[in-house]
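A short worksheet on the structure shown next.
The values are calculated or read from the model by the stated rules, or taken from the named source; none is laboratory data. In this text, all values refer to a predicted model and were calculated from it rather than measured experimentally. We place every Cβ from the backbone using ideal geometry, glycine too, and count neighbours over all the protein chains shown.
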Amino acid sequence: MKSFLLTTLSLFFLTLTWGQPMALHDSISIRKVMDIGSSTATRIDVDPATNELYYATVSGDIFKVNVAAGNATMVFNNGDHGLDEVYGFEIGGSGNIYLVSMVNGTANNIAIVKKYDGATWTTMVTATYPRSSRDHRFNAVIETPDQEYILVNSGARTDHGELKSNGQRENAFTAKLLKFPVDTSNLTLQDDEVFMDDFIFATGLRNTYDIEYDSTGLLFGLDQADQSDRQEELNWIQEGKHYGFPWMIGPNENLMQYPNYNPPSSDPLVTSVNMESTFHNDPNFPPKPGVPLVSPVMSNGPDQDLFRDTVDSQIKDASNIGRKMGTFTPHSSPVGLTFDTQNALPQEFKGKAFSLSYSNTDDRKFKPFNQIGEDLLLIDLQKVGNNYEANITRIALGFNHPVDAAILGNKMYVIEHAANGALWEVDFGVEGSTGTFSSNLEENSGLKIYPNAFKDQVTISLAMEKFGDGMVRIYSLEGKLISTVWEGKYLQPMDLSWDGATANGQKVPNGVYLVEVSVNGDRAYGRVIKEE
């Protein structure tokens, strides 16, 4: 049991609240700042000059947030800059605002990078190339610490390097991190390696949707894996390095590069639930480049560290069997990389990194791993040899497709990419504080857990206003599925019981467990204590 997790509860019963994230650390509290409304948020950032919070939506609107008042004011819309499909948003130390857009045309993708210099919006970069069913778009953008360049992620246009139906694999500027001077104007990228040579920062990155600098100026990125069960990556990104895609994805080889490839029998990471028609024998797969391929940051767990073993194809918990993995559970979709660059957070959070998991428990490809998603992770990075290793701990859960985060003072702001999404404030407390769990857990939502703690049996009482497909599951604090208490149609109030046993009938040890209740895809979480 993690020493800093709460091990006692003062409530006789615990009431759950729909849509309310839950903290797992006893100094953290979480509150809703505001609902986002019908706009689908994509990024959030802090203006370093004013310490004000802004967020952008996919449709191209940019809002300034009044945290105290719990509202936001639109400062730009797509009529101001002409972009209506925005995936990247950055406010640089220079005062410039950068937007990255990707338009899916009939035959071509059109990527556009624009800059606002305080007076006008100008086009920095444009790239047009044949459309693919696996395009990952131009998305993440960040200004370098010296304020002289921006880095832009150009995601892969394939899933794993396969030949697409339009005769395309990767081109000279996809699956790469690109670099442009901040004064770049009206540059049109060409699918030519010689032309692109001056603009490539790093290559072999499948889709580094989030890139961030730490307090020392080192760059890290979250890279999402392919449709097979390969592990999601955190990379220390250095200029001129090759990070393996499509020959390596995470710590695993892409076996499609070898002759006589015949999935799924020859590829344990291509399982029946994840089988795709694009995994097939490919004798013309491009040869591996003659340069070193950099491995991802290896994780020591204990959380988001399930993997499918390449030997027997079974799902295993890496830290439980003493293995490292690189870096996150497959299909967890890591996003929202954030660093406490100002050392403003208290206790064990000071100076650390954080990430979010976008996938929810029942996302099709994530579901076989039986692990909680939509969570907030603490990442403690340590230099080991010529790379980094990470200890990764879940510190909050229960978000609704969280997509990005920003730290302001001793608080983090998490924004959700959902039609009914919200902006949340995660308060880490102050140095030496003990803090409390989420303050809204006592609101009456029609779900109660009692007695809490329990010895032989606990009752989970459901009396919600919503109806439909429902499920009640018990997880360990590490997010591993312990038992499915009930699954079916929720049509009327009901009382369920759990006797503290796993699915195979073994009694769980004393400790704190998570209860997840879902109805029609909406989720609520609570904690329950098992004791003698």
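In table form, for the structure just shown:
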quantity: Flag if D305 is buried (at least 22 other Cβ atoms within 10 Å of the Cβ) and either more than 26 Å from I44 (Cα to Cα) or in the same structural domain as G526 (by TED's automatic domain parsing) (or both); calculated: yes
quantity: Residues of region 161-188 that turn out to be farther than 19 Å from F245 by Cβ and not small (G, A, S), as a count; calculated: 9
quantity: Residues of region 103-158 satisfying the condition of being charged (D, E, K, R) and either over 29 Å from N252 (Cα atoms) or surrounded by 23 or more Cβ atoms within 10 Å (Cβ to Cβ) (or both); calculated: K114, K115, D117, R137, E143, D146, E148, R157
quantity: Top-ranked residue of region 236-264 - restricted to ones that are in contact with a strand residue (DSSP E or B) (Cβ under 6 Å, 6 or more places away or on another chain) and not aromatic (F, W, Y), ranked as surrounded by the most Cβ atoms within 10 Å (Cβ to Cβ); calculated: G250
quantity: Positions within region 150-176 being over 21 Å from A56 (Cβ atoms) and either assigned to a strand (DSSP E or B) or of a type in the set (G, A, S) (or both), in sequence order; calculated: A156, G161, S165, G167, A172, A175, K176
quantity: Single condition A72 does not satisfy, out of (1) in contact with a Phe, Trp or Tyr (Cβ under 6 Å, 6 or more places away or on another chain); (2) at pLDDT below 95; calculated: (2)
quantity: Some residue of region 73-85 being within 20 Å of M412 (Cβ to Cβ), in contact with a strand residue (DSSP E or B) (Cβ under 9 Å, 6 or more places away or on another chain) and surrounded by 15 or more Cβ atoms within 10 Å (Cβ to Cβ); calculated: no
quantity: Selection status of D210, assigned by TED's automatic domain parsing to the domain that holds I150 and in a strand (DSSP E or B); calculated: yes
quantity: Every residue from region 79-105 that is farther than 19 Å from D191 by Cα and outside any strand (DSSP E or B); calculated: G79, D80, H81, G82, L83, D84, E85, G92, G93, S94, G95, N96
quantity: From the options A49, A56, A23, residue that is more than 30 Å from G470 (Cβ to Cβ), surrounded by 18 or more Cβ atoms within 10 Å (Cβ to Cβ) and either assigned by TED's automatic domain parsing to the domain that holds P402 or out of contact with any strand residue (DSSP E or B) (no Cβ under 6 Å at 6 or more places or on another chain) (or both); calculated: A56
quantity: Candidates A405, A418, filtered to the one that is assigned by TED's automatic domain parsing to the domain that holds V58 and either closer than 15 Å to D340 by Cβ or among the polar types (S, T, N, Q) (or both); calculated: A405
quantity: Residue match in region 338-354 (condition: assigned to a loop (DSSP other than H, G, I, E, B), among the hydrophobic types (A, V, I, L, M, F, W, C), in contact (Cβ under 8 Å) with a residue 40 or more places away in the chain and touching a helix residue (DSSP H, G or I) at 6+ places or on another chain (Cβ under 7 Å)); calculated: no
quantity: Residue under evaluation T174, criteria (1) modelled with pLDDT of 95 or more; (2) surrounded by fewer than 23 Cβ atoms within 10 Å (Cβ to Cβ); (3) within 23 Å of the chain's Cα centre (by Cα), criterion not met; calculated: (2)
quantity: Criterion: modelled with pLDDT under 95, among the polar types (S, T, N, Q) and more than 30 Å from I529 (Cα to Cα) - qualifying residue of N51, N109; calculated: N109
quantity: Enumeration of residues in region 58-69 that are in contact with a Phe, Trp or Tyr (Cβ under 8 Å, 6 or more places away or on another chain) and in a strand (DSSP E or B); calculated: I62, F63, K64, V65
quantity: Matching strands (runs of 3 or more DSSP E) fully within region 469-532 where at least 2 residues are closer than 16 Å to A453 by Cα, in contact (Cβ under 8 Å) with a residue 24 or more places away in the chain and of a type in the set (D, E, K, R); calculated: 522-530
quantity: Residue ID - modelled with the lowest pLDDT, chosen from residues in region 422-467 that are within 16 Å of P493 (Cα to Cα) and not in a strand (DSSP E or B); calculated: N444
quantity: From S295, S313, residue being of a type in the set (S, T, Y), on the phi > 0 side of the Ramachandran plot, in a loop (DSSP other than H, G, I, E, B) and surrounded by fewer than 23 Cβ atoms within 10 Å (Cβ to Cβ); calculated: S313
quantity: Pairs, first modelled with pLDDT of 90 or more in region 273-295, second part of a strand (DSSP E or B) and among the small types (G, A, S), C-beta under 9 Å, six or more apart; calculated: V294/A202
quantity: Y213 at negative phi, out of contact with any Gly (no Cβ under 9 Å at 6 or more places or on another chain) and of a type in the set (S, T, Y); calculated: yes
quantity: Any hit, region 401-410, residues being in contact (Cβ under 8 Å) with a residue 40 or more places away in the chain and of a type in the set (S, T, N, Q); calculated: yes
quantity: Odd one out for V384, checked against (1) farther than 20 Å from L219 by Cβ; (2) surrounded by fewer than 17 Cβ atoms within 10 Å (Cβ to Cβ); (3) β-branched (V, I, T); calculated: (1)
quantity: Failed item in (1) free of Cβ contacts under 8 Å to residues at least 60 places away in the same chain; (2) closer than 30 Å to T341 by Cβ, with S266 passing the rest; calculated: (2)
